[in-house]
Each structure stands twice: as C-alpha cells, then as structure tokens.
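What follows is one structure encoded as structure tokens, with my remarks underneath.
The values are calculated or read from the model by the stated rules, or taken from the named source; none is laboratory data. Quick caveat, the model's predicted, so the values are computed rather than measured. Every residue, glycine among them, receives a Cβ derived from its backbone with ideal geometry; neighbour counts consider all protein chains shown.
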Amino acid sequence: MLLLVILVIFIAAAGCIIRAILGPTSSDRVVAVDSLSSLMIAALVILGVHYEAVIFLDVALIYALLAFIGTLAISKYLEGKDVGM
C-alpha cells in the first residue's frame, strides 16, 4: 500500500515539475512549485505515520510553514507590491 501511495505522489510530482519548467507564465510556475511542496509535505506525513517517527511530522510542519511564507512572498513580489519584511 505504501508503495502505491509513493508512486502516486511521484507521478503527481513529475507533473508539477513539468509544469514548473514549461509553464507559460510565472504564476503557473509558482503554483506548480507550491503544489510540489504540498506533495512533499504529504510524503513526509505518510512516512512519519508508516515509520511511527515524530521527527517526520515535525519537519513536515516546519516545511509547510516555510513554504506558505515563501509562496506569499513570491506572490507579492510578482504582483509588484512590497513584501514588507
């Protein structure tokens, strides 16, 4: 079962990487990278549950927070507004 889930995440990640490379606009690239980070967070959570290791969940939480802040900063930059940091 774990192999099937990892395979689905890998296929979805490959689609995100293709969209990030071929995306016609920078907004498409930002959405693709954000989706890729969400898939990696899901993979970390699945591995944490499978191996019963809390460290994977901690890393996933911190990664989710940093990915969210990064996406907001890039979105504001592309919009042309000051990031405010």
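Of all residues in region 41-85, how many are in a helix (DSSP H, G or I), under 18 Å from S26 (Cα atoms) and not charged (D, E, K, R)?
Within region 41-85, residues that are in a helix (DSSP H, G or I), under 18 Å from S26 (Cα atoms) and not charged (D, E, K, R) number 11.
If you go through region 18-29 one residue at a time, how many are of a type in the set (V, I, T) and either surrounded by 17 or more Cβ atoms within 10 Å (Cβ to Cβ) or within 17 Å of A73 (Cβ to Cβ) (or both)?
So the answer is 0.
Would you mind stating whether A73 is among the hydrophobic types (A, V, I, L, M, F, W, C), on the phi < 0 side of the Ramachandran plot, surrounded by fewer than 16 Cβ atoms within 10 Å (Cβ to Cβ) and modelled with pLDDT under 95?
Spelling it out, A73 is indeed among the hydrophobic types (A, V, I, L, M, F, W, C), on the phi < 0 side of the Ramachandran plot, surrounded by fewer than 16 Cβ atoms within 10 Å (Cβ to Cβ) and modelled with pLDDT under 95.
Write out, first by first residue and then by second, each pair whose Cβ atoms fall under 7 Å of each other, whose residues are 6+ apart or on separate chains, and whose first residue, in region 1-18, is free of Cβ contacts under 8 Å to residues at least 24 places away in the same chain and among the β-branched types (V, I, T) while the second is assigned to a helix (DSSP H, G or I) and surrounded by 11 or more Cβ atoms within 10 Å (Cβ to Cβ).
From residues that are free of Cβ contacts under 8 Å to residues at least 24 places away in the same chain and among the β-branched types (V, I, T), the pairs are I17/L36.
Being part of a helix (DSSP H, G or I) and in contact with a Lys or Arg (Cβ under 6 Å, 6 or more places away or on another chain) is the filter here; which residues of region 7-27 pass it?
A20
One residue is enough: does region 30-39 have a residue meeting the conditions more than 18 Å from L72 (Cβ to Cβ), in a helix (DSSP H, G or I) and either under 16 Å from the mean Cα position of the chain (by Cα) or modelled with pLDDT of 95 or more (or both)?
Yes: one or more hits.
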